[in-house]
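Participant: Supplied in C-alpha cells, the structure appears directly below.
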2 protein chains.
Amino acid sequence: MSADSSNVAADEIFKEFKEHSIAAFFKKNRQMLGYAGKVRSLTMLVHEYVTNSIDACEEAGILPEISAEIKQTGEDKYSIMVSDNGPGIPKTLAGKALGSVLSGTKFHRYVQQRGQQGIGASGCTLFANITTNKPIHVKSSTGRDAFECDVSIDIKSNKPLVSNVADVPRDFRGLIVEGEFGSVKYENSDHGVYEYLKRTALANPHASITLTDPTGKQYLFPRSDSSMPKKPKAVKPHPMGLESSDLIDFAHVSASRKVSSFLTESFSRVSHDKVDELKKIATGVDFEKDPKTLTWADAEELVKAFSKVKWMAPETDSISPIGKKQVEAAIKNILNPGFASVAERKPAVFRGGIPFVVEAGIAYGNALPQKQANASAQESTYAGDESFEERGSGKVLRFANKVPLLFDSTNCAITYAVRGIDWKRYGISDFDTEPINVMVNVSSVYIPYSGVGKQAISPEEEIINEIKFAVMEVARELQRYLHGVRNRNMQESKYKTIVRYISQLSGDLSELTGVKKELIEKTLRSLIDSKYKSVFEDGDNSEEGNDGHD
Amino acid sequence: MSADSSNVAADEIFKEFKEHSIAAFFKKNRQMLGYAGKVRSLTMLVHEYVTNSIDACEEAGILPEISAEIKQTGEDKYSIMVSDNGPGIPKTLAGKALGSVLSGTKFHRYVQQRGQQGIGASGCTLFANITTNKPIHVKSSTGRDAFECDVSIDIKSNKPLVSNVADVPRDFRGLIVEGEFGSVKYENSDHGVYEYLKRTALANPHASITLTDPTGKQYLFPRSDSSMPKKPKAVKPHPMGLESSDLIDFAHVSASRKVSSFLTESFSRVSHDKVDELKKIATGVDFEKDPKTLTWADAEELVKAFSKVKWMAPETDSISPIGKKQVEAAIKNILNPGFASVAERKPAVFRGGIPFVVEAGIAYGNALPQKQANASAQESTYAGDESFEERGSGKVLRFANKVPLLFDSTNCAITYAVRGIDWKRYGISDFDTEPINVMVNVSSVYIPYSGVGKQAISPEEEIINEIKFAVMEVARELQRYLHGVRNRNMQESKYKTIVRYISQLSGDLSELTGVKKELIEKTLRSLIDSKYKSVFEDGDNSEEGNDGHD
C-alpha cells in the first residue's frame, strides 16, 4: 500500500497544537451562546443585561426599575443601553465582570438566581467587539463611589481591557451599560425585544420595566406588585443530590475536624442521628478522621449509603417562585384574558436531591393578539432558529427562574410537557388555534439548561412530570369554566326557543280553554323564567368566581 | 420603603467574585457536552474517541482500523478502550490533548475534519475523573517512540495531570485510550454504541471498525472501499465569508507587505484584477500600507466592498464528501435494501462564503430491522434526551463530516429538511411507517453545530435548502422505482385474472366454433403472454438496474 509512504509523522500533525481561550471558542461558535440570527441576537443581548440587572436588584433588596433603550446606528447596527437602580458594581471588578468569560459571583453558589454561569455579560462584550469593534461603556454608582469606564475583551487571553476610567457625579444609584452591536435587527416579532420584556414583566410583577424602541416610542410595563419577592437563600446541598466527586470537593475544602461533623455541617438534613445510621451502613469509612483525607473509595461508599437512608425532603427556602397571587395579577394585567387560572406545585426534586418548584397558569379567551408570524421569517441572510420554531410556540410561555425562554422551544422540558397533554380531555379541541396561552415557570437553584445559551430546559423526566401535573391542575379549572360557559349557552338557546313559542301557544290555549291569553302567557313565562333563572345566576356566579372582581 | 435599609452593599455582593475554568464549567454543566442520560453518555464517549481516531488516520494517510471494546465493571460503570492504527501522539502533548479542555490542533484550521474544538477527548477525561476518579490510560506509538501514561485534569485550572509515564515496546503503531466511566449504561438501542458504530461504518466505507460488547460478542463492520478518501486540504477563506473582525485578525498576523498583496495572498479567489476592482469601491482604504496597520474602519469598508464584487465561488478542494459510489456500496452492505439511490450535490455556500456539500441516499424495502424503541425509554433515573426524541427519528440517518448524529434530532437542519418534504408526492404515503431510510451527510470546513455536544446542525436556510434538493433528487428515483413496481404488480394481477378465464373461454369457444379447445387455449395464451411479457421484462430490468448486480 502507498499508505505508509504518505504517512505524516505525528510531530508534523501536532506542530499546530494550540490552547485557545473560552473567548476565542465562543467567538468562533457564537451560535452556541444564542447569537444566531439578527433578531434573536438583539433579544439575547437585552436578555443578558436585563437578567443581570434584576438579579442584582433582588440581591440588594431593591424593587427593580429597569430601562432599555434601543437605537439604530447603521445597517444591522444598533446601540443598546440598559440601566437599573441596583447596587452597582465595584470599580475593581467591572473589567472582569464584563470582560472575561466565566467570571462572576454566581457560579459556585447554591442559590436560585437568573444568571449562573458568568457568561452572559462578557458574552455581550465579546459580541460587540467582534461585530463593531467597540467597547462596552459602563457607568456605575454603588452609593459610595461612582465611576465610568470602557470594557473590551482580549480574545486570545480572555482578559478584560479596561480604559477611560473616570469618576462621575454620584447623582444616581445603579448600573448603566451601553454598547453598539452589529449583525442585529430590531423587529416586533415573537422573538423580539418587546415580546421578551413583556414576558419578563409577566414573571416579575415586582419590577418596573421601560422600553424605548428605535422609533423613540416608549412602552412601560408597570409594577403590578410592590412586595419584594422572598429573597432566595443560599442553602446547603441535600445528600441525595451529591456524587462522589462533589463530596470529595466539599470535604477537601471543609473546615470541620471530623468526617461526621463535616457531614452535619456541610449538608442539609444530615442530623447526628442520620450520621449514626450512615455509620452502620458505610462501615468502611472512618468517621473520625479529617475530612481532608476523605478518599474516593470513602466518598463512593458514603454516596451509596446516602441512597439507603430515608431523608427529609430538601429545604425549599432556596426557591423563590413568582407566587400564585402575583402570577394571577400579572396574567390579568398583561394578557387580559376572559379566564385565568394559576397553580403552584409543592417543591419536588430531580436527580435525587435538587429541589425545584413549578408554577403554571392558563389564560383563555381575548388573549394575546395574533403575533406577526411572518415578520420573523423575513430574515434571509442568516435565519438562525427564527423561521424554524415550532408552529404556535408562542402559545406556551416558558420561564426558568422567572426569565422568559424565547428560543429553542422544541427541545425544552416545558414544551414536551405541555404538548404531551391531551387537551381534548379539557375541552380544547385544537390547542394551536383556540385562544389559549399556557405559562410555565420552573424555579431552582440549578436549572439544567440544554445549552450555553440557556433557552431550553433539558427534558428530565421528573421536571416534565411536575410541569404536566401543574398544567393539568389549571386545565381542569379551565375545563370547568368552559363546561359552565357551554352549558349556559345551551340553556340560553333552549330558553329562547321556548319563549318564541309562548305567544302562539298562549293564543291556542286561550281559544281551547277560554282563559285570557295574557294570563296564560304571563303564567307560562314565569314558569319558564323560574326554571332557567337559577341556571343563569349559577352561570354568572361561576364566571365571576373565576374572573376575579375587577 | 424598607428596601434601602436592607440594601446589601455592592462590595458584599461581589466579595464572592471568582474566575472559573472551562473544565469547572463543563463539570457543572455536563449535559451541554452531551453527557445527559446513561446510554447517551456511553455513546458520546465512544463517539469522541472514534472520531479522533478516524481524523488522525486520515491526516496521516492511513486506512483506519478502529477497535472499540466495552466492559462492565460495576453498577452503571464501564471501561471503554478504543484503539487505532493511526500516527499516535507525541509524548510531550499527550497530557494537553487529553487533559486540557480547548486544546488541540484543529481549532484554527480552515480544513474539514470531524473534530474542530479540542473539547472531545478532554471532555472524556473530565467525565472519567468526576464519575470514577480514574485517569485515562494512554498508549501510543508514533513509529519512532512508544510510551504509555495516565492523564487526568486538574479541574480548577484546566491543566493536565500526567503520571506513570513509561516507554513501551514499539510492537504496534497507533493510539490506544482506555478509561473507566460511571453513570453510563450499555444498551442496544437507537442511541447505543452499536447503532453509532454501524452508522459510522456507513459514512466511512474506507474504515474497518470492530466492536466488542460487554458480553464479549464481537461485531465487525468491514471496509467496503479500500481507496483512501481525498485528503481534506486546508484552503484560504473566501472573501464573502469574512467579517470585519476576521479581516483584522488575518491582517494583523500577515507577513505581506501591503494591504493589496495581503488580500491576494490570504484569501481565495482574490486576483490582482479583483483588487483593482476593490480599490475603486473602497476608496477610503490605503491599499499600499502595511496590513498590520489596517483599522476597523478599513476592514468595514473592505467587507462592504467584498459584497459588491462578483466573485468566483469558493474553492471546494477543502471538502471531502463520502462519495456517491462509496455511499451506494455502504448502503447496500449495511442496510441491504430492496432499492437504493444516492445523490451528491455540487458544492454550495452558506453565510456568503463557507462552502459545503450535501450527499443524500435513500434505502427502501427490507430495511433496517425495527429498533427496540422501548429499550431506551427504560432509563428512569435520568433520562436525558433519550425518551424524548421525535418518533421515527431513527429513519433519518444524519451525518456531519461523516460523523453520525444520534441526538438532538428535533433541532437539526437535516430533520427540518427531510420532514419538510411532501413525501406523498414521491409515492410514500406515511414516512414514519413505510420501510424507508434517508441518509444525509453534510461536509464543510465549518459545520455550524447548535451546541457544544455537536449533535445537531444549526438550521441555516441555505443548508436546509441544499439538503431538500438532494433528498428530492433521490426521492424522484424512488418514485420511479415504486411506480414501476406498483405498475408491474397491477399488470401481473390483470394477467393472472385473464389467464384464469382462458380454459373456460376456450371450452366455450370450442363448442361454438368446433375448433379444438387446445388450439384455442394455446393461441389465446400466447396472445396474452406476448402482451404482458414486455411489461415484466421491463420491470425486471428496471429493478435490476437500481439494485446493482450482486
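Participant: Check B:Glu265 against each of (1) under 34 Å from the mean Cα position of the chain (by Cα); (2) buried (at least 20 other Cβ atoms within 10 Å of the Cβ) and name the one condition it does not meet.
Facilitator: Among (1) under 34 Å from the mean Cα position of the chain (by Cα); (2) buried (at least 20 other Cβ atoms within 10 Å of the Cβ), the lone unmet condition for B:Glu265 is (2).
Participant: Also, I was wondering about something else. Taking the condition modelled with pLDDT under 85, crowded, with 19+ Cβ neighbours inside 10 Å and not charged (D, E, K, R), does B:Ala330 pass?
Facilitator: Details: modelled with pLDDT under 85: yes; crowded, with 19+ Cβ neighbours inside 10 Å: yes; not charged (D, E, K, R): yes.
It is true that B:Ala330 is modelled with pLDDT under 85, crowded, with 19+ Cβ neighbours inside 10 Å and not charged (D, E, K, R).
Participant: Among the residues of the range B:439-459, which ones are part of a loop (DSSP other than H, G, I, E, B), surrounded by fewer than 24 Cβ atoms within 10 Å (Cβ to Cβ) and not hydrophobic (A, V, I, L, M, F, W, C)?
Facilitator: Listed by number, the list holds a single entry, B:Tyr446.
Participant: Now a separate question. Across the range B:379-418, which residue is farthest from the other protein chains (Cβ to nearest Cβ) among those that are at pLDDT below 50 and not in a loop (DSSP other than H, G, I, E, B)?
Facilitator: B:Ser393
Participant: Could you say which residue among B:Lys494, B:Lys522 is assigned to a helix (DSSP H, G or I), in contact with a Ser or Thr (Cβ under 9 Å, 6 or more places away or on another chain), farther than 24 Å from B:Thr200 by Cα and not assigned by TED's automatic domain parsing to the domain that holds B:Val342? Give the derivation first.
Facilitator: On the way: B:Lys494 fails: in contact with a Ser or Thr (Cβ under 9 Å, 6 or more places away or on another chain).
Every option except B:Lys522 fails the conditions.
Participant: Looking at the range A:185-243, which of its residues are touching a Pro at 6+ places or on another chain (Cβ under 6 Å), over 21 Å from A:Pro64 (Cα atoms) and at pLDDT 90 or above?
Facilitator: Once the filter is applied, which keeps residues that are touching a Pro at 6+ places or on another chain (Cβ under 6 Å), over 21 Å from A:Pro64 (Cα atoms) and at pLDDT 90 or above, the range A:185-243 yields only A:Tyr186.
Participant: Would you check if B:Val285 is more than 30 Å from B:Lys185 (Cβ to Cβ), modelled with pLDDT of 85 or more and touching a Lys or Arg at 6+ places or on another chain (Cβ under 6 Å)?
Facilitator: Working: more than 30 Å from B:Lys185 (Cβ to Cβ): yes; modelled with pLDDT of 85 or more: yes; touching a Lys or Arg at 6+ places or on another chain (Cβ under 6 Å): no.
Spelling it out, it is not the case that B:Val285 is more than 30 Å from B:Lys185 (Cβ to Cβ), modelled with pLDDT of 85 or more and touching a Lys or Arg at 6+ places or on another chain (Cβ under 6 Å).
Participant: Of all residues in the range B:128-139, which are surrounded by 24 or more Cβ atoms within 10 Å (Cβ to Cβ) and at the interface with chain A (Cβ under 8 Å from one of its Cβ atoms)?
Facilitator: B:Asn129, B:Ile130
Participant: If you don't mind, there's one more thing I want to ask. Condition first: assigned to a loop (DSSP other than H, G, I, E, B) and at pLDDT 85 or above. Now tell me which residues in the range B:338-361 satisfy that. Even if it seems obvious, please write down each step before you answer.
Facilitator: Step one: list which residues in the range B:338-361 are assigned to a loop (DSSP other than H, G, I, E, B), which gives B:338, B:345-347, B:351-353.
Across the range B:338-361, the qualifying residues are B:Arg345, B:Lys346, B:Pro347.
Participant: Let me ask something additional. Taking B:Glu48 as meeting all but one of (1) more than 14 Å from B:Ile176 (Cβ to Cβ); (2) within 14 Å of chain A (Cβ to nearest Cβ); (3) of a type in the set (Asp, Glu), write down the number of the exception.
Facilitator: Tallying (1) more than 14 Å from B:Ile176 (Cβ to Cβ); (2) within 14 Å of chain A (Cβ to nearest Cβ); (3) of a type in the set (Asp, Glu), B:Glu48 fails exactly one: (2).
Participant: Working only within the range A:163-179, note down all residues that are surrounded by 13 or more Cβ atoms within 10 Å (Cβ to Cβ), part of a strand (DSSP E or B) and of a type outside the set (Val, Ile, Thr). I'd like the intermediate steps shown before the answer.
Facilitator: Step one: list which residues in the range A:163-179 are surrounded by 13 or more Cβ atoms within 10 Å (Cβ to Cβ), which gives A:165, A:168, A:170, A:172-179.
Still in the list and also part of a strand (DSSP E or B): A:165, A:174-179.
Matches in the range A:163-179: A:Gly174, A:Leu175, A:Glu178, A:Gly179.
Participant: From B:Met32, B:Met44, which residue is under 23 Å from B:Ile209 (Cα atoms) and in a helix (DSSP H, G or I)? Working first, answer last.
Facilitator: Working: B:Met32 fails: under 23 Å from B:Ile209 (Cα atoms).
Going through B:Met32, B:Met44 in turn, the sole match is B:Met44.
Rundown of residues vs (1) assigned to a helix (DSSP H, G or I); (2) aliphatic (A, V, I, L, M); (3) without any contact (Cβ under 8 Å) to a residue 12 or more places away in the chain, yes/no style:
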| position | (1), (2), (3) |
| --- | --- |
| A:Tyr186 | no, no, no |
| A:Lys198 | yes, no, no |
| A:Arg223 | no, no, no |
| A:Met240 | yes, yes, no |
| A:Ser256 | no, no, no |
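Participant: If A:Pro222 satisfies all but one of (1) assigned by TED's automatic domain parsing to the domain that holds A:Ile66; (2) of a type outside the set (S, T, N, Q); (3) over 26 Å from A:Tyr35 (Cβ atoms), what's the number of the condition it fails?
Facilitator: Unmet for A:Pro222, out of (1) assigned by TED's automatic domain parsing to the domain that holds A:Ile66; (2) of a type outside the set (S, T, N, Q); (3) over 26 Å from A:Tyr35 (Cβ atoms): (1).
Participant: Check the range B:195-211 and report whether any residue there is over 25 Å from B:Tyr35 (Cβ atoms) and of a type in the set (Lys, Arg).
Facilitator: Within the range B:195-211 (the criterion being over 25 Å from B:Tyr35 (Cβ atoms) and of a type in the set (Lys, Arg)), the answer is no, since none of the residues qualifies.
Participant: Return a yes/no flag: does the range B:207-214 have any residue that is without any contact (Cβ under 8 Å) to a residue 24 or more places away in the chain and of a type in the set (Ser, Thr, Tyr). Quick ask: steps written out before the conclusion?
Facilitator: Just the residues of the range B:207-214 that are without any contact (Cβ under 8 Å) to a residue 24 or more places away in the chain, to begin with: none.
No, the conditions are met nowhere in the range B:207-214.
Participant: Something else about it: Can you confirm whether A:Ser152 is touching a Leu at 6+ places or on another chain (Cβ under 7 Å), surrounded by fewer than 22 Cβ atoms within 10 Å (Cβ to Cβ), touching a residue at least 12 places away in the same chain (Cβ under 8 Å) and in the same structural domain as A:Gly37 (by TED's automatic domain parsing)?
Facilitator: yes
Participant: Regarding A:Gly352, is this residue under 18 Å from the mean Cα position of the chain (by Cα), in contact (Cβ under 8 Å) with a residue 40 or more places away in the chain and on the phi > 0 side of the Ramachandran plot?
Facilitator: Numbers: under 18 Å from the mean Cα position of the chain (by Cα): no; in contact (Cβ under 8 Å) with a residue 40 or more places away in the chain: yes; on the phi > 0 side of the Ramachandran plot: yes.
Taking the combined requirement at face value, the residue does not satisfy it.
Participant: Can you name every residue in the range B:58-73 that is within 14 Å of chain A (Cβ to nearest Cβ) and in contact (Cβ under 8 Å) with a residue 60 or more places away in the chain? If you could, list the steps in order and put the result at the bottom.
Facilitator: Of the residues in the range B:58-73, the ones within 14 Å of chain A (Cβ to nearest Cβ) are B:58-65, B:73.
The answer is B:Glu58, B:Glu59, B:Gly61, B:Leu63, B:Pro64, B:Glu65, B:Thr73.
Participant: Which of the residues that make up the range B:490-525 are under 30 Å from B:Arg425 (Cα atoms) and surrounded by 11 or more Cβ atoms within 10 Å (Cβ to Cβ)?
Facilitator: Of everything in the range B:490-525, those that are under 30 Å from B:Arg425 (Cα atoms) and surrounded by 11 or more Cβ atoms within 10 Å (Cβ to Cβ) turn out to be B:Met490, B:Gln491, B:Glu492, B:Lys494, B:Tyr495.
Participant: State whether the residues of the range A:268-281 include one that is surrounded by fewer than 15 Cβ atoms within 10 Å (Cβ to Cβ) and either in contact with a Lys or Arg (Cβ under 8 Å, 6 or more places away or on another chain) or among the hydroxyl-bearing types (Ser, Thr, Tyr) (or both).
Facilitator: yes
Participant: Taking the options A:Thr316, A:Thr293, name whichever one is hydroxyl-bearing (Ser, Thr, Tyr) and more than 35 Å from the chain's Cα centre (by Cα). Spell out the reasoning first.
Facilitator: Values: A:Thr316 fails: more than 35 Å from the chain's Cα centre (by Cα).
Every option except A:Thr293 fails the conditions.
Participant: Would you mind stating whether A:His191 is in contact with a Lys or Arg (Cβ under 9 Å, 6 or more places away or on another chain) and not acidic (Asp, Glu)? Full working, then the answer.
Facilitator: Working: in contact with a Lys or Arg (Cβ under 9 Å, 6 or more places away or on another chain): yes; not acidic (Asp, Glu): yes.
Yes.
The values are calculated or read from the model by the stated rules, or taken from the named source; none is laboratory data. All figures in this text were calculated on a predicted structure; none of them were measured in a lab. Note: ideal-geometry Cβ built from the backbone for every residue, glycine included; neighbour counts use all protein chains shown.
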